[in-house]
Structures are given as C-alpha cells and as structure tokens.
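Peer 1: This is the structure I want to talk about, given as structure tokens.
Taken together, the values in this text are just the output of simple stated rules run on the coordinates, not laboratory data. In this text the structure is predicted, and so the values were computed from the model without any measurement. Note that each Cβ is placed from the backbone with ideal geometry, even for glycine, and that neighbours are counted across all protein chains shown.
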Amino acid sequence: MLFYLSILLLYRKSKGKGNSVAAKTRKKKDEARDIRVQAIEAALSLAVEQGWEDVTLRDVAARSGVSLEELREHFEDRADILCALGRMIDKSVLAHVSVDPDEESSVRERLFDLLMDRFEALNAYRVGVKSVLRSFRFDPKQIVISLPHVCRSMSWMLEAAGADTAGISGAAKVAGLTGIYIKVLRVWAEDESPDLPKTMAALDRALGRAEAAVNTLKGQGRRSGAED
C-alpha cells in the first residue's frame, strides 16, 4: 500500500512540475509577443510623427518601454520590425483558412478573398503604414530589402488559396502575385473608404488580367504541342 502511495505522490509532483514548466513557457511566449506588438506599434507611431527614414532602434526601444537588449532579441534591424508586422498580418489572415480549400470557388476567387482580408487587416495600421510607404519613395533600398519578405507572404497566400508554388511555374506565380499586391497596395493607401471599394476593384482587375494572361499562355502551349 505504501508503495502505491509513494508512486502516486511522485506522479502528482512530476505532473505539477510539468504544468509549471508549461505555464512558464506560455508566459514567456506571451511576453515575447507583447514586446513584438509594442515595438511594431511604437515604430509605426514614430513613422507618423517623424518619418520612417528618421526612426532609429533607440527611438523604438524608448517608445515601447523596452531595453535595446530586449529589442535585439526579437528583431534583427529596423526593417525586421516591418517584416514582423507582415508576419503578424499573415497569421491573422491564415487563422481563418481551412487546409482544404473550397473546391466550389476558383483559385482567383480565393486569392481575391485572402488579399482583401490582408488589406482589411492592414487598416488597423493604416496611418503608420502609409508613412512608411511614403518614405520608400525617397529610399528605394528599403523596397529591395522588403521584397523577399513580401514574396514570402504572397507564397503563403497562394498556398492558402490551393495554388501550386513548386518549381519554376510556382516561382512565377509568387513573383506575379507580389507585383499585383504591391500595385494594389498603392491604391489601398489612397482608399479611405471603410469598405475599400477602389482597392477591391483594382485587385479584381489585376487578378483578372493575370488569369487571362495565364490562360493565353496555356492556349499557345497547347496549339504549339498540337502542331508538333
């Protein structure tokens, strides 16, 4: 009897320790997320006040109430703060996506919905993002730095829409959708209506043109194969 009681006590102790470790891990994750969100919001706020080109990491740390050491733990550099915003928007969009796409809708329709969800999520940071975009006009280097991260986000949107992103054709899709997103982003920046009608129209036109171009290329390929 004593043996079984001892085993039971040991089990309860180990379970308690496991729960404690799990709780500490969750707390650390929550704290890390809080620091990232605080830094992103601080950086965008500063971009509105003084222009993104003049925002320093010291400014962001001071505004968000964290040390430079803590900021460095979560961000590689200033551009990485914008990339973190992009990842946060990605997560908010993908949170509502099923791993099994709706077969009744086309890839184009699913992409339209996903990208509109993305623009709507960006509305929460509209003023700050617009300030950053304005600064990019005078510092094209920032566009080059951000481009791989935008491509990565568009790859996720294509995957969520059920499109194949493998191989050369997949890379072409990612590049094409990135171009569409950047073009429509300029329209979004000037579209002050809550329903984003201009953004919706621009995105629909751009996706339609891309779909027509792909269908034309496929048709030419089939004709060429038939002639051979």
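Peer 1: What translational diffusion coefficient, to the nearest whole µm²/s, does the range 78-213 have by Stokes-Einstein, given a Kirkwood radius computed over alpha-carbon pairs, a temperature of 10 °C and 1.306 mPa s viscosity?
Peer 2: Value of D from the Cα-based Kirkwood radius: 103 µm²/s.
Peer 1: Check each of the trypsin sites (Lys or Arg not before Pro) in the range 100-163 and keep only those in coil by DSSP with at most 10 other C-beta atoms within 10 angstrom; list them in order.
Peer 2: Listed in order of number, the matching sites are R137.
Peer 1: Ok, one more. What is the gain in length, in nm to one decimal, between V127 and K141 on full extension, counting 0.36 nm per residue of separation less the C-alpha to C-alpha distance?
Peer 2: The span from V127 to K141 would gain 2.9 nm if fully extended.
Peer 1: Would you tally the net charge around N123, using a Cβ to Cβ cut-off of less than 14 Å, leaving N123 out, and scoring K and R as +1, D and E as -1?
Peer 2: Summing Lys and Arg as +1 and Asp and Glu as -1 gives -2.
Peer 1: Could you please report the charge total around L94, scoring K, R as +1 and D, E as -1 over all other residues with beta-carbon less than 12 angstrom from its beta-carbon?
Peer 2: Charge balance in the 12 Å sphere: 0.
Peer 1: Run the numbers for E109 and Q50: contour at 0.36 nm per residue of separation, minus the present Cα-Cα distance, in nm.
Peer 2: 17.3 nm
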